[in-house]
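Asks: This structure is in structure tokens; I'll ask about it shortly.
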Amino acid sequence: MAEIPLTSANSFFLIAGPCVIESDDHVLRMARAIQAVAQKLGVPLVFKASFDKANRTSVESYRGPGLEKGLAALRRVKEETGLPLAMAEDPLSSVVLGAGKMLSDFNLLRKISID
């Protein structure tokens, strides 16, 4: 993540972005719009958006574009806006750890699985 200079007089910054990446164009439009507001207010901004939002209300809900497409969309945001991004340091490891956590309690996974 890019460094944001913080001092005791200026320690507030904003982490903001859409809950999930809907499309490349959508996430870039959101980044630019939020960046414009943050700049107008003089608030440092860190952009964040999920490429796989697993905690949805319905299993049929859109979860995002997935790891590869999501990272490509976020790379485009970084390149075109210069904004620092908040994300897992190693997204693939996060996916593997999440899968491992689910498998560690296989009985729970069976209870919540949908046929």
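Asks: Note down the nm distance, to one decimal, between modelled labels 7 Å out along Cα→Cβ at K40 and at T57.
Replies: Each label point is offset 7 Å from its Cα along the Cβ direction, giving 3.0 nm.
Asks: Going by amide H atoms built from the backbone, whose H comes under 5 Å of the H on V20, apart from near neighbours?
Replies: Those lying under 5 Å, H to H, from V20 are S50.
Read-outs: derived from the displayed coordinates by stated rules, not from any lab. These numbers come from a predicted model, not from an experiment. Because the Cβ atoms are built from the backbone with ideal geometry, glycine has one as well, and the counts that use them run over all protein chains shown.
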